[in-house]
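Here the structure comes first, spelled out in structure tokens, and everything after it is commentary.
The values are calculated or read from the model by the stated rules, or taken from the named source; none is laboratory data. Note that the structure is a prediction, hence the values are computed from the model and not measured. Backbone-built Cβ (ideal geometry, glycine too); neighbour counts: all protein chains shown.
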Amino acid sequence: MEAIRSYDTAIPSVGIGTWTLGGEDCARLVHDAIAAGYRHIDTASAYGNEERVGEGVRASGIPRGELFMTTKVGPRDLADGDFQRSLEASLERLGMDHVDLVLIHWPSPTLSVAEMMRPLNDVRRRGLTLHIGVSNFTPRRLHEAWVSTEFPIIANQCEYHPYLNQDRLIAACEDKGTVLVAYCPLGRGRSFDEPAIVEIATRHAVSPAQVVLRWENQQGAVVIPRTTRADRLRTNLDIFGFRLDDAEMAAISALSRTRNERICGSSLIADWND
């Protein structure tokens, strides 16, 4: 598995997203993903599936140290004390004594960035997580987070796909050495019929989904697509046997100039472009 480095760690370039998955299907999907070669598993307290994710991990038989586990603390639990209790509850549900990465899932509508970063740093100091990061942070908020942190912010997980321009956010992440982790990286498949993507896929004898994931990966982004199909688990992981040239990269990037929208995001962030 290829990885993208951020400070003192390497994040597997392709992870499995578990948003909307639940019950035995979630546990089986996590197990199957690990069997297919995934080593990066993404969940969150808000997903309500951490217990099942943990079941899938244990059923895989892969040593915990070989996996990169991410979870997130929701916006209602970001105050000092609430944050720590939320993460401790997540660890109990996962059946783990630490995660590799914990994220602020969404910025709080009431707390300052400095107030949010205080407990995030505390759980890193206590060893409940090996690394810290944020999610859905705009360039301004990412800058404020770096001003207020003791430990490196290794990741900012945000929506990214061909129909959403994130040039400013990518530049802000690169400036800080923070990796962009792209959720909803396939944009629910809405760009798969675009002539540019179809042509590129045909040229490389791969699927449109593989083209989109490779486009994001070549920009330095980690991708965490979600699927419930075993065949797509394998193809989503198999994006390293070809490379897009500059013209192909530009053709995909140009799509957001005519259609720029969030498909999977939330209205919790009103100042996305701040």
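Here are a few things to note about the model shown:
- Given (1) over 17 Å from the mean Cα position of the chain (by Cα); (2) of a type outside the set (Val, Ile, Thr); (3) within 20 Å of residue 131 (Cβ to Cβ), index of the condition residue 38 fails: (1)
- Residue satisfying all of: in the stretch 186-204; among the aliphatic types (A, V, I, L, M) and free of Cβ contacts under 8 Å to residues at least 12 places away in the same chain; farthest from residue 233 (Cα to Cα) among these: 198
- For the stretch 151-160, the criterion of being in contact with a Lys or Arg (Cβ under 8 Å, 6 or more places away or on another chain) and more than 18 Å from residue 71 (Cβ to Cβ) is met by at least one residue.
- Scanning the stretch 257-271 for any residue that is at pLDDT 95 or above, within 27 Å of residue 141 (Cβ to Cβ) and touching a helix residue (DSSP H, G or I) at 6+ places or on another chain (Cβ under 7 Å) turns up nothing.
- Checked against (1) out of contact with any Gly (no Cβ under 8 Å at 6 or more places or on another chain); (2) part of a helix (DSSP H, G or I), residue 241 meets all criteria but (2).
- Among the residues of the stretch 96-105, just one is in contact (Cβ under 8 Å) with a residue 40 or more places away in the chain and more than 16 Å from residue 47 (Cβ to Cβ), namely 100.
- Those residues of the stretch 124-162 which are acidic (Asp, Glu) and either under 25 Å from residue 14 (Cα atoms) or touching a residue at least 60 places away in the same chain (Cβ under 8 Å) (or both), in sequence order: 159
- Residues being over 19 Å from the mean Cα position of the chain (by Cα), surrounded by fewer than 15 Cβ atoms within 10 Å (Cβ to Cβ) and not basic (Lys, Arg) - total across the stretch 254-264: 3
- The stretch 209-239, residues that are surrounded by fewer than 21 Cβ atoms within 10 Å (Cβ to Cβ), touching a residue at least 12 places away in the same chain (Cβ under 8 Å) and acidic (Asp, Glu): 238
- Within the stretch 206-227, tally of residues that are among the hydrophobic types (A, V, I, L, M, F, W, C), in a loop (DSSP other than H, G, I, E, B) and within 15 Å of residue 182 (Cβ to Cβ): 2
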